[in-house]
Amino acid sequence: MNCSAFFGLTLVFMTLSQQLIASPEKLLPEQKIYTAAAFGPDGRLWRIVPSQKFVAIDYSTDYGKTFSQPIRIDPEDKPIHLWDENPPTLSVDSKGRVFVLYFADNQQASTSFFSHSENGNQFTVPVKVSSMADTWYHYQTEMLVDKQNRIHFIWHDVRDRAEYKQQGGGDLSIYHTSVLASKIANLPADRRIAKNVCSCCRTAIAADIDGSLAILARFVYPDNIRDHGLIKLSPDGEIREPWRVTFDDWQIEGCPAHGPALSISGEGRYHMAWFTQGEKRNGLFYAWSDDKGKTFSSPMQIGDQDKLPGRADVLALGNFVALAWKVFDGAKTRIEAMYSRDGGLHWSAPRSIAESATQSAHPALISDGKRVYLSWNSMDTGFLLIPIEPADSDK
Amino acid sequence: MKLLKHIIYFLLLLFCCQSLTTHAEQAELKHFASGSYQQILKNYADKPFVLMIWSIHCSSCLKKMPVLSELRKNMPDLNLIMLATDDISATDQVNSILNKNELGQTDNWIFADANPQKLRYEIDPKWYGEVPRTYFLDKNHQRTGISGSVPSNALETMLKNILE
């Protein structure tokens, strides 16, 4: 054996040992199912199409039957990091501008990125939403475009960790920033709007008719009671001290990983849906309020208790209110839905509108201003857009 | 030529030792798929055990790790099984947390199915997925499930009950 053969052999051993010792290639979670969709003013249905290294946007002009060629948002690859309680958001404003929020691993895992487009053909270079995005873990960011075309972001941020260590209470805070759609150059400084928030439940956000923002979060109350509270943010930026709105007394030093849903009708009625396993109430519930969330109707239980009902979304379109939620029977996940025509007083019988035998996203309700639809995605069905109220022919 | 053989043997030996060391340091994280819960019941037939279900996203779970580490030291004969409900893509993070808390040698598992809801249902059809979730099983596998961090006095009582 000559020298080069020896080195060759050594190289083989080294390569072999490298291969065997090296940790297996890092698998990213299956991203395809965590999508988001919204209708534009021209009736087009826009959608986020996530993959493992980037997100793309496409649209449909036939209510989700076919989609355009997807356009990639960021030419630079980044590991996309989404999960069921941390999905992306897509919004379209009254001028047809498309706004996209998604999560990718950067200096911090699942960093929030924002990008927008004047017409959906070309997107801006994504920017980080949090002013401390590189130093503090933040996630579960929600985006809302209000009637004045101001884009709001709220998110869960761990930057106040030292404060919580001293004082106890919840694990993290909610931060907020907003910017006018016509003036997006840099996002303005963010600020804390709530403390003592449960770390793993998504927060819900809705625009009130008076121009203020209503934010529904699961808080950590004394003795580890994890019930919900409302925060109001007025158009001039004034924050009202959060007040408690659910009184189920779910005492748990743990992660429910089950956030609430909120929608405000054109008449200003608040509709909320939430999950609890409290001392006083157990299951999935709905209630409405006519005094801007000060008091709510007595909670109405939703779903078949034997099938783990959860993950409800609620959407009001005038007096029409829709509820959609997930159930599981051991083999299949189903989305059940019901609707009310009188602002939540009376409801249709629940019916199953979609099913999957594989992993699926949480159900989301969206509207084109005329009807309310379920927007849902699962591995075996692919993306589905289903009207909540059956067409006359289906009845 | 003889020298060469020696060098090769040496390299081989080095490689084997290296892989063994790596193996010993790393937690063996088993993939929890459909049927794994039944497999665990078989593995621990006629034996009491504690199944602690946790997630890297769950701060209450992480706060509990040092307590579990202490428990391992004080009760080395206790059958403690730990199951992370994170996606297998989080394997590195899960391993790092376990090793940091000296829990690498526990019977460790991670969710490995495209439909985590199905796995949760196989463990407990009444469980919604909140974590931590701890099951205490006696030797007949009669069990009690507790959601949220188990306070130390409750932990003591539960362990006493299953080990009786």
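Out of the strands (runs of 3 or more DSSP E) lying entirely within segment A:249-297, which hold 3 or more residues that are in contact with a Pro (Cβ under 9 Å, 6 or more places away or on another chain) and closer than 22 Å to A:LYS307 by Cβ?
Details: elements: A:261-264, A:270-277, A:282-289.
The strands (runs of 3 or more DSSP E) meeting that bar are A:270-277, A:282-289.
Got a sec? Which of B:LYS42, B:LYS30 is modelled with pLDDT of 55 or more and within 14 Å of the chain's Cα centre (by Cα)? Can you show your working first?
Details: B:LYS42 fails: within 14 Å of the chain's Cα centre (by Cα).
When all the criteria are applied, what remains is B:LYS30.
Of all the residues in segment A:175-184, those that are without any contact (Cβ under 8 Å) to a residue 60 or more places away in the chain and assigned to a helix (DSSP H, G or I) number 2. Restrict the check to segment A:189-198 and report whether at least one residue is more than 14 Å from chain B (Cβ to nearest Cβ), more than 21 Å from A:ASN149 (Cβ to Cβ) and in a loop (DSSP other than H, G, I, E, B). Looking through segment A:189-198, none of the residues is more than 14 Å from chain B (Cβ to nearest Cβ), more than 21 Å from A:ASN149 (Cβ to Cβ) and in a loop (DSSP other than H, G, I, E, B).
From the list A:ILE386, A:ILE335, A:ILE353, A:ILE366, pick out the single residue that is aliphatic (A, V, I, L, M) and within 14 Å of chain B (Cβ to nearest Cβ). If you could, list the steps in order and put the result at the bottom.
Working: A:ILE386 fails: within 14 Å of chain B (Cβ to nearest Cβ); A:ILE353 fails: within 14 Å of chain B (Cβ to nearest Cβ); A:ILE366 fails: within 14 Å of chain B (Cβ to nearest Cβ).
None of the others qualify; the one that does is A:ILE335.
In segment A:164-174, is there at least one residue being of a type in the set (S, T, N, Q), in a loop (DSSP other than H, G, I, E, B) and without any contact (Cβ under 8 Å) to a residue 24 or more places away in the chain? Scanning segment A:164-174 turns up no residue that is of a type in the set (S, T, N, Q), in a loop (DSSP other than H, G, I, E, B) and without any contact (Cβ under 8 Å) to a residue 24 or more places away in the chain. Test each condition in (1) in contact (Cβ under 8 Å) with a residue 40 or more places away in the chain; (2) in contact with a Leu (Cβ under 9 Å, 6 or more places away or on another chain); (3) within 14 Å of chain B (Cβ to nearest Cβ) for A:VAL314 and report the one that comes out false. Result: A:VAL314 passes all but (3).
Can you tell me which of B:GLN117, B:GLN105 is part of a helix (DSSP H, G or I) and either within 8 Å of chain A (Cβ to nearest Cβ) or farther than 30 Å from A:ALA357 by Cβ (or both)? Unique residue meeting the criteria: B:GLN117.
Each row is one residue, and each column tells you yes or no for (1) away from chain A (no Cβ under 12 Å); (2) in a strand (DSSP E or B); (3) touching a residue at least 60 places away in the same chain (Cβ under 8 Å).
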{"position": "B:ASP46", "(1), (2), (3)": "yes, no, yes"}
{"position": "B:LYS63", "(1), (2), (3)": "no, no, yes"}
{"position": "B:LYS73", "(1), (2), (3)": "yes, no, no"}
{"position": "B:GLN93", "(1), (2), (3)": "no, no, no"}
{"position": "B:LEU98", "(1), (2), (3)": "yes, no, yes"}
{"position": "B:ILE110", "(1), (2), (3)": "no, yes, yes"}
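Restricting attention to segment A:310-328, does a residue exist that is in a loop (DSSP other than H, G, I, E, B), surrounded by fewer than 22 Cβ atoms within 10 Å (Cβ to Cβ) and touching a Phe, Trp or Tyr at 6+ places or on another chain (Cβ under 9 Å)? If you could, list the steps in order and put the result at the bottom.
Just the residues of segment A:310-328 that are in a loop (DSSP other than H, G, I, E, B), to begin with: A:318-319.
With surrounded by fewer than 22 Cβ atoms within 10 Å (Cβ to Cβ) added as a condition, the list becomes A:318-319.
From what's left, touching a Phe, Trp or Tyr at 6+ places or on another chain (Cβ under 9 Å): none.
No: segment A:310-328 contains no residue that is in a loop (DSSP other than H, G, I, E, B), surrounded by fewer than 22 Cβ atoms within 10 Å (Cβ to Cβ) and touching a Phe, Trp or Tyr at 6+ places or on another chain (Cβ under 9 Å).
Restricting segment A:209-264 to residues that are surrounded by fewer than 17 Cβ atoms within 10 Å (Cβ to Cβ) and on the phi > 0 side of the Ramachandran plot, which is farthest from the other protein chains (Cβ to nearest Cβ)? Residue satisfying both the conditions and the ranking: A:GLY211. Taken over segment A:210-254, the criterion of being under 22 Å from the mean Cα position of the chain (by Cα) and more than 30 Å from B:CYS61 (Cα to Cα) is satisfied by A:GLY211, A:SER212, A:LEU213, A:ALA214, A:LYS232, A:LEU233. The set of residues in segment A:215-252 that are more than 17 Å from A:THR203 (Cα to Cα) and acidic (Asp, Glu) comprises A:ASP223, A:ASP236, A:GLU238, A:ASP248, A:ASP249. Taken over segment A:272-295, the criterion of being touching a Gly at 6+ places or on another chain (Cβ under 6 Å) and either away from chain B (no Cβ under 14 Å) or without any contact (Cβ under 8 Å) to a residue 12 or more places away in the chain (or both) is satisfied by A:TRP288 alone. Against the conditions (1) of a type outside the set (Ser, Thr, Tyr); (2) in a strand (DSSP E or B); (3) in contact (Cβ under 8 Å) with a residue 40 or more places away in the chain, A:GLU336 satisfies every one except (3).
Considering segment A:205-234 alone, what residues qualify as being of a type in the set (Val, Ile, Thr) and assigned to a loop (DSSP other than H, G, I, E, B)? It would help to see each step written out before you state the result.
Initial filter on segment A:205-234 (of a type in the set (Val, Ile, Thr)): A:205, A:209, A:215, A:220, A:225, A:231.
Matches in segment A:205-234: A:ILE209, A:VAL220.
Of the residues making up segment A:344-352, not a single one is buried (at least 19 other Cβ atoms within 10 Å of the Cβ), in a strand (DSSP E or B) and touching a strand residue (DSSP E or B) at 6+ places or on another chain (Cβ under 6 Å). Evaluation of B:ILE146 against the conditions (1) assigned to a strand (DSSP E or B); (2) of a type in the set (A, V, I, L, M, F, W, C); (3) surrounded by 20 or more Cβ atoms within 10 Å (Cβ to Cβ); (4) within 12 Å of chain A (Cβ to nearest Cβ) shows that the sole unmet condition is (3).
Which members of segment A:235-246 meet the condition of being outside any strand (DSSP E or B) and at pLDDT 95 or above? It would help to see each step written out before you state the result.
Initial filter on segment A:235-246 (outside any strand (DSSP E or B)): A:235-238, A:245-246.
Within segment A:235-246, A:VAL245, A:THR246 meet the criteria.
For the residues A:ILE71, A:ILE57, the requirement of being among the hydrophobic types (A, V, I, L, M, F, W, C), within 29 Å of A:ASP134 (Cβ to Cβ), surrounded by fewer than 20 Cβ atoms within 10 Å (Cβ to Cβ) and out of contact with any helix residue (DSSP H, G or I) (no Cβ under 8 Å at 6 or more places or on another chain) singles out A:ILE71.
Count of segment B:75-91 residues, restricted to those that are within 14 Å of chain A (Cβ to nearest Cβ) and either outside any loop (DSSP other than H, G, I, E, B) or under 28 Å from B:LYS160 (Cβ atoms) (or both), is 6. Scanning segment B:122-138 finds no residues that are more than 10 Å from chain A (Cβ to nearest Cβ), without any contact (Cβ under 8 Å) to a residue 12 or more places away in the chain and surrounded by fewer than 20 Cβ atoms within 10 Å (Cβ to Cβ).
The values are calculated or read from the model by the stated rules, or taken from the named source; none is laboratory data. The model shown is predicted, which means the values in this text are computed figures rather than measured ones. Because the Cβ atoms are built from the backbone with ideal geometry, glycine has one as well, and the counts that use them run over all protein chains shown.
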